[in-house]
Amino acid sequence: MKQVKPGTHVESVSGSNRTNVYASDFGWGKPVNHEIVSIDRYPRFTMTERRNEIGGAEIGLCLRKSEMDTFISLFKYGLEIIESRI
């Protein structure tokens, strides 16, 4: 196994689109929430299936406050553009 040099930017992707987490029942009922616990350090991005909608997605995002503020501003602006075209 190769070692990564200090300071190297590393990206990783893992998961499955066929897990069907919200359909799992281990005897105490189906889950009402599902979170990726390894997203506690920034920057992180997760995407999982949506609980109540086939084909939907739940997105998790962990950023520094200043980065999150910028993201929120851009995201809201994007939604406004979409709404203005409907």
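The values are calculated or read from the model by the stated rules, or taken from the named source; none is laboratory data. Source: prediction; values computed, not measured. Note that we place each Cβ from the backbone using ideal geometry, even for glycine, and neighbour counts take in every protein chain shown.
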message = Take the residues in segment 1-53 that are of a type in the set (K, R) and modelled with pLDDT of 80 or more; name whichever of them is nearest to the chain's Cα centre (by Cα).
response = K30
message = For a quick check of your reading of the model, give me the residue pairs whose first member lies in segment 17-36 and is over 19 Å from G60 (Cβ atoms) and in a loop (DSSP other than H, G, I, E, B), whose second is modelled with pLDDT under 85 and of a type in the set (G, A, S), with beta-carbon atoms closer than 6 Å and at least 6 apart or on different chains.
response = none
message = I'd like the full set of residues that are over 16 Å from E35 (Cβ atoms) and not small (G, A, S), limited to segment 53-69.
response = E53, I54, L63, R64, K65, E67, M68, D69
